[in-house]
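No lab work stands behind these numbers, since they all come straight from the coordinates. The shown structure was predicted, so the numbers you read here are calculated from the model rather than taken from an experiment. So basically every Cβ, Gly included, is an ideal-geometry build from the backbone, and we count neighbours across all protein chains shown.
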Amino acid sequence: MAVFKVSFLGLVVMMALFSASTLSLAHPAGFNFGWGSGWGSEPSRGHSGYAPAGGSFGLFPQFYQFSCPQANDIVISVLQQAIAREPRVAASLLRLHFHDCFVQGCDASVLLDDSTTIASEKRSGPNRNSLRGFEVIDEIKAKLEEACPQTVSCADILALAARGSIVLSGGPNWDLPLGRRDSRTASLSGSNSNIPAPNSTLSTLLTFFKRQGLDEVDLVALSGGHTIGVARCVTFKQRLYNQKGNNQPDETLERSYYFGLKSVCPRSGGDNNISPLDFASPAKFDNAYFKLILFGKGLLTSDQVLLTGNGNGNGNGNAGKTMELVKTYADDESLFFQQFAKSMVKMGNIRPLTGSKGEVRNNCRRLN
Ligand code: HEM
Ligand SMILES: *[C@@H]1O[C@H](CO)[C@@H](O)[C@H](O)[C@H]1NC(C)=O
């Protein structure tokens with residue numbers, strides 16, 4: 001994996017590589033997603049699709065062990081091809097799972113297109129012109145319907161695709177609880193009100209995460225998802241030109257990084273120009289995101305405030321805990337990986353539909 005110089009030139013080179021899709025990815029030697037790892041040692045559980053009492057939210061890793069044992073292999077093979085074509089796909093799929101789970105739980109509501117009964121979440125402020133990866137989900141779903149008709153839910157596909165994307169980008173692997181079912185509703189208003197904005201203060205971020213049952217450890221670890229992928233100029237422009245309504249840049253932005261960003265993101269226009277969230281290694285899942293934050297090189301306000309509190313650089317935010325966590329993860333990648341995996345399981349457990357609730361969609365874009 002090439003190490004890119006922390007400079008404006010690096011930023012430009014990086015972006016050129018990104019758009020040319022020529023970044024090579026570190027592929028771990030083998031994939032074992034823990035299928036059956038608990039087999040024989042786990043308490044016995046039914047495979048009828050009904051959650052046993054006392055299970056963690058009714059989800060469990062062996063859910064498809066009998067009904068579709070090859071489910072994860074199919075997901076991985078589609079991902080390998082899609083990510084080889086365009087490394088950014090991994091980031092886009094991770095984000096899809098996040099935006100699914102924060103709006104009426106992890107129920108694939110985010111995948112529903114507009115119809116007579118559905119106001120699609122794809123039109124919300126945070127999602128419009130921004131969410132991507134839907135075609136890859138369609139391709140996975142089509143292959144799964146061929147192999148195991150009407151069995152694997154779209155909500156589980158999103159969770160499997162997020163985990164697979166992280167593994168294929170060099171990140172951690174973990175046992176993934178499964179058994180989510182798909183919603184028969186979507187919430188455009190929920191999508192507008194539950195996904196935090198990129199210019200959020202630390203206390204706003206915490207409020208949004210706590211609403212989902214997630215704490216400050218989850219907030220910092222999951223924000224580490226920004227170690228891959230990109231953001232549009234419009235999502236960080238405020239920091240460059242008018243952070244606090246005084247026509248001044250965000251003083252927590254490191255200077256050379258600030259100048260580089262300005263050339264990508266002019267004061268007017270260029271809203272769809274993109275910049276890597278972790279310009280040191282935008283296609284590699286690692287802890288560089290946290291190292292960059294320590295240098296004042298977090299791209300979004302929501303990234304930098306994990307260190308600085310309220311983003312005004314005077315350190316008076318109550319950022320003690322998140323600041324320590326940023327330093328810890330910058331120092332120790334394996335600790336970050338462990339916590340990221342735990343927090344992903346926690347996020348994936350947000351209000352799933354289980355048992356006979358919801359349905360298993362035939363096509364992720366519409367109701368059966
Ligand atoms: C803490 C609050 C968060 C905020 C305010 C936030 C905001 C954003 C924004 C504004 C973008 C760029 C969107 C665009 O330019 O169209 C982005 C991209 C991204 N976000 Fe977040 N995010 C947050 C948390 C998360 C979490 C929890 C994850 C996953 C665990 C995540 C994963 C990603 C990824 C992977 C991308 C890049 C997507 C791509 O390149 O297609 N984010 N985020
Ligand atoms: C964040 O951006 C929105 C939309 O541009 C704006 O209305 C809001 O005041 C900003 N919030 C902060 C804390 O700067």
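Contact order normalised by length for segment 217-288, with contacts defined as Cα pairs under 8 Å and 6 or more residues apart; what percent is it?
The value is 47 percent.
Using a Debye calculation, one point per C-alpha and no hydration shell, please list log10 I(q)/I(0) for segment 202-345 at q = 0.09, 0.11, 0.18, 0.22 Å⁻¹ in order.
-0.26, -0.38, -1.04, -1.44
In sequence order, what are the phi-derived ³J(HN,Hα) couplings for segment 324-339 according to the Karplus relation 6.51 cos²θ - 1.76 cosθ + 1.60 with θ = phi - 60°, rounded to whole Hz, with x for glycine and proline?
With the stated coefficients, segment 324-339 comes to 4, 5, 4, 5, 4, 6, 5, 7, 9, 4, 5, 5, 4, 4, 4, 5 Hz.
Can you put 141, 291 in order of Cβ neighbours within 10 angstrom, beginning with the fewest?
Taking fewest neighbouring Cβ atoms as first place, the list is 291, 141.
In terms of modelled amide H atoms, which long-range or inter-chain residues lie less than 5 Å from the amide H of residue 68?
When sequence neighbours closer than 5 places are left aside, there are no close amide H contacts.
To make sure I understand, if each residue's beta carbon is the centre and we count other beta carbons within 10 Å, what order do 202, 188 fall in, fewest to most?
Ascending Cβ contact count within 10 Å gives the list 188, 202.
In straight Cα distance, which lysines are under 18 Å from residue 297, not counting same-chain residues fewer than 8 positions off?
Excluding near neighbours in sequence, the set is 5, 237, 262, 284, 327.
If I take R0 = 45 Å and measure r between the Cβ atoms of residue 128 and residue 67 in this structure, what FRET efficiency does the formula 1/(1 + (r/R0)^6) give, to the nearest 0.05?
In this case the efficiency is close to 0.80.
If you rank 329, 241 by fewest surrounding Cβ atoms within 10 Å, what's the result?
241, 329
Over 26 Å between Cα atoms: which of 321/346; 141/291; 244/342 fall into that group?
Exceeds cut-off: 141/291; 244/342.
Please turn the phi angles of segment 353-368 into ³J(HN,Hα) values with the Karplus equation 6.51 cos²θ - 1.76 cosθ + 1.60 (θ = phi - 60°), one per residue in order, whole Hz, x for glycine and proline.
These are the phi-based 3J(HN,Hα) values: 8, 9, x, 9, 6, x, 7, 9, 5, 7, 10, 5, 7, 8, 5, 5 Hz.
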